[in-house]
Amino acid sequence: MAGTGKAHLSDDGDVLLRVEDLVVEFPVGRTGLVVNAVSGISLDVRTGETLGLVGESGCGKSTTGRAIMQLPRPTSGSVTFEGRQLTTMSTSDMREARTRMQMIFQDPISSLNPRRKVRDIVMEPLNIWKRGTAPERGDVVDRTLEEVGIDPMRAAESQPHQFSGGQCQRISIARSLVLDPSLIICDEPVSALDVSVQAQVLNLLEDLKARHGLTLMFIAHDLAVVKNISDRVAVMYLGKLCEVAPSDELYRIPAHPYTNVLLASIPVPDPSAQPAAVVEVIGEPPSPVLPPAGCRFHPRCSNAQDRCRQEEPQLRSIGPGHFVACHFPVHDGTEAVAVRAPVSSN
Amino acid sequence: MSSPSQRLTQASGRPESGALLEVEDLHTAFRTPRGRVRAVDGVTFSLDRGRALGIVGESGSGKTVLARTIMGLLVGRNVERTGSVRFEGMELLDRPASDMRDLWGREMAMIFQDPMTSLNPLMRIGKQITEPLRAHLGLSRGDAMATAESLLRDVRIPEAARRLRQYPHELSGGMRQRVMIAIAMACGPTLLFADEPTTALDVTVQSQILDLIGEQRRERNMSVILVTHDLGVVAGHTDDIAVMYGGRLVEKASTVELFANMKMPYTEALLASIPKLEEPSHSRLRTIPGRPPDLVNPPAGCRFAPRCLYVRDRCRTEEPPLLPAEVPGHDFACWYPVGSPEYHERKAELAAGGVAVPVEVGAGGIDAGVSA
Amino acid sequence: MAETLPSITGTTAAIAPVGVAEPTRRRRLPSLGVGFGVLWLATLVILTVFAGNLPFVRLPTQAVNGASNYALGPSSDFWFGSDRLGRDVFARCVYGARISLIIAVSSIVVGLLVGTALGMICGYFRGWIDRFISVFVDALLAFPAIIFAALLVGRAKALRQSEIEVLGFGFGWFNNTWAISAVFSLLAIAPITRIVRAQTLSLSQREYVLAARSLGARTPRVLLREILPNVVPALVSVMFTGVAILLAAEAGLAFLGYSVEPPKASWGLMVTENREFIEEAWWATLFPCVMLFLTVLSFNLIGDRVARRFDVREAAL
């Protein structure tokens, strides 16, 4: 799982966000050790597309999202957004640039200040940037609230705890929309919600994306959700990229063993489906403080070989838009159909 | 004559099959300043030994309250409980908390959603596992530690001996949930409640934990009640499914029958709202409009009527009873179930009106391409 | 899209039932206590503020006509009797309340202002500034309070009479009331800083703080708009219990000989002055004690209630 390569980056001019060699490290207390949260990943997001970023907790996907927002600034690497280099930008320029990119967080309740009225929360970005007159701001806020399905009258007199989790997530979405950004980074926006509410929020994001011409980066651990909303999916493991592919292709012919594991773990709502035991992943991810040498996935990979323990694989193309970082991919892009090619656990 | 609790906990001579738990017309209500919240409103079901039952519903459907009422965890002056809960033939509902305490751990155990908050952060793992062993089974410290180590091995925790000396924060979320399962298994319960055991976990760990629970169930001939909001989770891991809505049971069937032949539009809508891997990207997801009913003033008639796509006048006035379907063991509460002429008629109308309606979910309807 | 939106005009969500409602009987008890507390404090405030205009409150510093040396016990005319100089104990209790309350409340207010500012700076910025302030605060906590009192109150007179000037201002105004308030303010800063720091540490990790920053809010705005409102509830209850503690502390300090200058009255000073004669004239000691007890109790009852009220709201989140 190397993914230090950049073969997957496109040369087109319509790239909205380009991340190169992003590294984020956090010190572990005063031990001198560091958590290698993100270890040199490169990504690009084209204007108008939805890029899914998927992986287990602790793989660095949320950290990547926040590092793109420069909250906090990454340890190294470059982030280019709308043609401007964010990593070297001054704090005040960065403040300005952040209005063009917004973030939605996982916990719908913790992402809203419990002591403020919902309408004020949604108005806050306009107040910070002093956009328009007070009545104009009110209009924008009411319109946006209606758009996400929240009654502005109720929002004016209620605090977040008077709304359900799904409604709080709608309010967060409204807040991220009022400044009219071009990019929204959604950090696990639906994983705290019931399935029925999750579907509402996903549909809402799709509608808003179409209506406002948004570009989305969608971070989640559930590949089924990511696949539903994304055009392209990037799979992350322990701070590195494993595989990047158009979402339908990723499901149809997953090449990386880890992608196969992720796909097989998704509970299938059908009792007659074959138990997914054929793809067994060994244990849980190792500590990002001392990541394994070679391919980072090799200790859990059922077909790891000597080469995997020593040499870190680079991202390479195995099909149009399909890139994988694995020495021995399950699939090399030539087979026509390989539905969930099983990795033998023996 | 031995006391009831003694009789209950005599481990030897347990029958291998038959009903372990029988719940009849159970009501649980909370007196609140807003009025009585009828969280569980007339639920009847039974669970056989060694079987796994999934209780499925959205938040606020009463599924967690149902599980906790059965366990006797909800007591207090503001809680009203009526009906009957029989466990191994013993009535539990009128039992004082001190008697229930004898049952917890030995006969019934529970694992919760958040493995971090359900473990004591200041106590080593070993101590937390051995405590019930020593309290309930009267084991010596050494025996208890040995049992604890083998329990940790049972739940597939590597380096079990070392883990016993660790604190909860030194373990990952999945490991902590394994420890919770080990604690629940410690005294060999006959009934395990798992309340959203995997919601806080990653998908890869989720399937491991569910498999582990299933494995323990088969090995110990234990019954399991799995409470979740995700039909996908219960599909592969339970024998029977009970769907709850607004404090009531609205559909109940064996898992295979339910997925092949679901009757309640609510069950169908729940299933349709799960994103399916085999559908192309950007497929429109079916949603359930509106929100769960207010349990203080539930709507008249069918409680799902205000959110149901197939609603008719009768649904709004007359509450459908839980009646058996053609297949024995399949009960549902709906006037115009999936597959009825009225259902098809309304579906055709909706399709003509341009409203997105899911492909009918039935045998082979949703699983094409998955089981290949 | 329209059909997938939830009905927003519908009833509010069914609240999580477990533990929301308390049985009616248990609810009544604390509200009785709070009712008493509010009533008592209101009476006290009215008495102290309008003491000079109320016909039944005599002057605290003059002997009542014809009375001396504890001559009068409690009666319909002299409710609390007279003290060793023949002064009306009730009047002194009222004027004593004025000084005791001013000392306690002003100290807490200063403690809150400084402590909140320091605590928020520590908790939000962390790093070296946190370590620097924390060392100062810990030292303050470890330093024996009595030494401060001895230094400030004991030396207040000398300071007052000295020629020392700061920025051209002398210290003529620096009486013992000021000195005690200064000691108490200093004492209040440390625990409040710690409470606010801990709260801010956890609040600044909340996603709404991150959201505000990602919206481009500057640090002062984040601190004032997002963090401060969430620290305030904890501080309200700290304020009530803090006043209660300082009222009792004032009495303790008076007992050790550090109090306002006679013939001024504070509750603590009254108890200290009259305690030697408690057997002949119990009223001169007992009534200030009762006043102190009821006031401390009222502040505590209200403080508890406030804390619980905000707890419930946090839990409901």
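The values are calculated or read from the model by the stated rules, or taken from the named source; none is laboratory data. Quantities reported herein were computed from a predicted structural model and do not represent experimental measurements. In this analysis, Cβ positions are derived from the backbone assuming ideal geometry, glycine residues included, and neighbour counts consider all displayed protein chains.
Looking only at residues in the stretch B:180-209 that are within 14 Å of another protein chain (Cβ to nearest Cβ) and of a type in the set (S, T, N, Q), the one that is surrounded by the fewest Cβ atoms within 10 Å (Cβ to Cβ) is B:Thr199. For A:Gly60, the conditions (1) small (Gly, Ala, Ser); (2) over 19 Å from the mean Cα position of the chain (by Cα); (3) buried (at least 23 other Cβ atoms within 10 Å of the Cβ) are fulfilled apart from (2).
Each residue in the stretch A:128-145 was checked for being in contact (Cβ under 8 Å) with a residue 24 or more places away in the chain and at the interface with chain C (Cβ under 9 Å from one of its Cβ atoms), and 1 pass. Enumerate the pairs (first residue in the stretch B:285-296 and more than 8 Å from chain A (Cβ to nearest Cβ); second residue anywhere and among the aromatic types (Phe, Trp, Tyr) and part of a loop (DSSP other than H, G, I, E, B)) with beta-carbon separation below 9 Å, excluding pairs fewer than 6 apart on the same chain, so at least 6 apart or on different chains. Matching pairs, first to second residue: B:Pro293/B:Phe304. Of the candidates A:Pro114, A:Pro125, the single residue that is facing chain C (nearest Cβ under 7 Å), under 22 Å from A:His212 (Cα atoms) and either touching a residue at least 24 places away in the same chain (Cβ under 8 Å) or buried (at least 19 other Cβ atoms within 10 Å of the Cβ) (or both) is A:Pro125. Given the structure, is B:Leu212 buried (at least 22 other Cβ atoms within 10 Å of the Cβ), without any contact (Cβ under 8 Å) to a residue 60 or more places away in the chain and either assigned to a helix (DSSP H, G or I) or in contact with a Lys or Arg (Cβ under 6 Å, 6 or more places away or on another chain) (or both)? Here the answer is no, as B:Leu212 does not meet what is asked. Of all residues in the stretch A:93-111, those that are surrounded by 24 or more Cβ atoms within 10 Å (Cβ to Cβ), more than 7 Å from chain C (Cβ to nearest Cβ) and in contact with a strand residue (DSSP E or B) (Cβ under 9 Å, 6 or more places away or on another chain) total 2. In the stretch B:304-324, of all residues being in contact with a strand residue (DSSP E or B) (Cβ under 6 Å, 6 or more places away or on another chain) and in a loop (DSSP other than H, G, I, E, B), the one that is farthest from the other protein chains (Cβ to nearest Cβ) corresponds to B:Leu322.
For first residues located in the stretch B:126-150 and among the charged types (D, E, K, R), partners that are surrounded by 19 or more Cβ atoms within 10 Å (Cβ to Cβ) and lie 6+ apart or on another chain with Cβ distances below 6 Å form the pairs B:Arg134/B:Ala144; B:Glu149/B:Ala160.
Results for (1) in a helix (DSSP H, G or I); (2) touching a residue at least 40 places away in the same chain (Cβ under 8 Å); (3) surrounded by 14 or more Cβ atoms within 10 Å (Cβ to Cβ), shown as yes or no for each residue.
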residue	(1), (2), (3)
C:Ala149	yes, yes, yes
C:Leu152	yes, no, yes
C:Leu159	yes, no, yes
C:Glu163	no, no, no
C:Phe174	no, no, yes
C:Leu187	yes, yes, yes
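In the stretch B:23-39, which residues are closer than 16 Å to B:Gly76 by Cβ and within 9 Å of chain C (Cβ to nearest Cβ)? Across the stretch B:23-39, the qualifying residues are B:Thr28, B:Ala29, B:Phe30, B:Arg31, B:Thr32, B:Pro33, B:Val37, B:Ala39. Scanning the stretch A:72-92 for residues that are touching a Ser or Thr at 6+ places or on another chain (Cβ under 9 Å), under 21 Å from A:Glu25 (Cα atoms) and of a type outside the set (S, T, N, Q), we see that the one that is farthest from the other protein chains (Cβ to nearest Cβ) is A:Gly77.
Among the numbered conditions (1) closer than 20 Å to A:Thr50 by Cα; (2) surrounded by 17 or more Cβ atoms within 10 Å (Cβ to Cβ); (3) modelled with pLDDT under 90, the only one that A:Gly65 does not meet is (3).
In a residue-by-residue description of the stretch B:163-179, the property of being in contact with a helix residue (DSSP H, G or I) (Cβ under 9 Å, 6 or more places away or on another chain), crowded, with 22+ Cβ neighbours inside 10 Å and part of a loop (DSSP other than H, G, I, E, B) applies to no position. Restricting the stretch A:30-57 to residues that are within 18 Å of A:Tyr258 (Cβ to Cβ) and part of a loop (DSSP other than H, G, I, E, B), the residue that is nearest to the chain's Cα centre (by Cα) is A:Gly55. Which of the numbered conditions does B:Ser150 fail, given that it passes all the others? Conditions: (1) within 29 Å of A:Tyr237 (Cα to Cα); (2) of a type in the set (Ser, Thr, Tyr); (3) surrounded by fewer than 24 Cβ atoms within 10 Å (Cβ to Cβ). Here B:Ser150 meets the rest and fails (1). Among residues of the stretch C:119-133 that are surrounded by fewer than 14 Cβ atoms within 10 Å (Cβ to Cβ), those with a beta-carbon under 8 Å from a residue that is at pLDDT 90 or above at least six positions away or on a different chain give the pairs C:Ile129/C:Ile121; C:Ile129/C:Cys122. Regarding C:Met291, is this residue in contact with a Ser or Thr (Cβ under 8 Å, 6 or more places away or on another chain), part of a helix (DSSP H, G or I), at pLDDT 80 or above and closer than 16 Å to C:Arg87 by Cβ? When the stated conditions are applied, C:Met291 does not pass them. On the given criteria, is B:Arg101 more than 14 Å from chain C (Cβ to nearest Cβ), within 23 Å of B:Gln177 (Cα to Cα), at pLDDT below 85 and assigned to a helix (DSSP H, G or I)? When the stated conditions are applied, B:Arg101 passes them. Can you name the residue in the stretch C:275-288 that is among the hydrophobic types (A, V, I, L, M, F, W, C) and in contact with a Ser or Thr (Cβ under 9 Å, 6 or more places away or on another chain) and, of all such residues, is surrounded by the most Cβ atoms within 10 Å (Cβ to Cβ)? Out of the qualifying residues, it is C:Ala284. Suppose the filter is touching a helix residue (DSSP H, G or I) at 6+ places or on another chain (Cβ under 8 Å) and of a type in the set (Gly, Ala, Ser); does B:Gly236 pass it? Here the answer is yes, as B:Gly236 does meet what is asked.
Let's see how each residue does on (1) over 24 Å from C:Leu186 (Cα atoms); (2) in contact (Cβ under 8 Å) with a residue 60 or more places away in the chain; (3) in contact with a Leu (Cβ under 8 Å, 6 or more places away or on another chain):
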position	(1), (2), (3)
C:Met239	no, yes, yes
C:Ile245	no, no, no
C:Ala254	no, no, yes
C:Glu261	no, yes, no
C:Arg275	yes, no, no
C:Ala281	yes, yes, no
C:Cys289	yes, no, no
C:Arg305	yes, yes, no
C:Arg308	yes, yes, no
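Within the stretch B:44-67, the presence of a residue that is surrounded by fewer than 19 Cβ atoms within 10 Å (Cβ to Cβ), outside any strand (DSSP E or B) and within 14 Å of another protein chain (Cβ to nearest Cβ) is excluded. Considering B:Gly76, B:Gly89, the condition of being away from every other protein chain (no Cβ under 14 Å), surrounded by fewer than 18 Cβ atoms within 10 Å (Cβ to Cβ) and modelled with pLDDT under 90 is satisfied by B:Gly89 alone.
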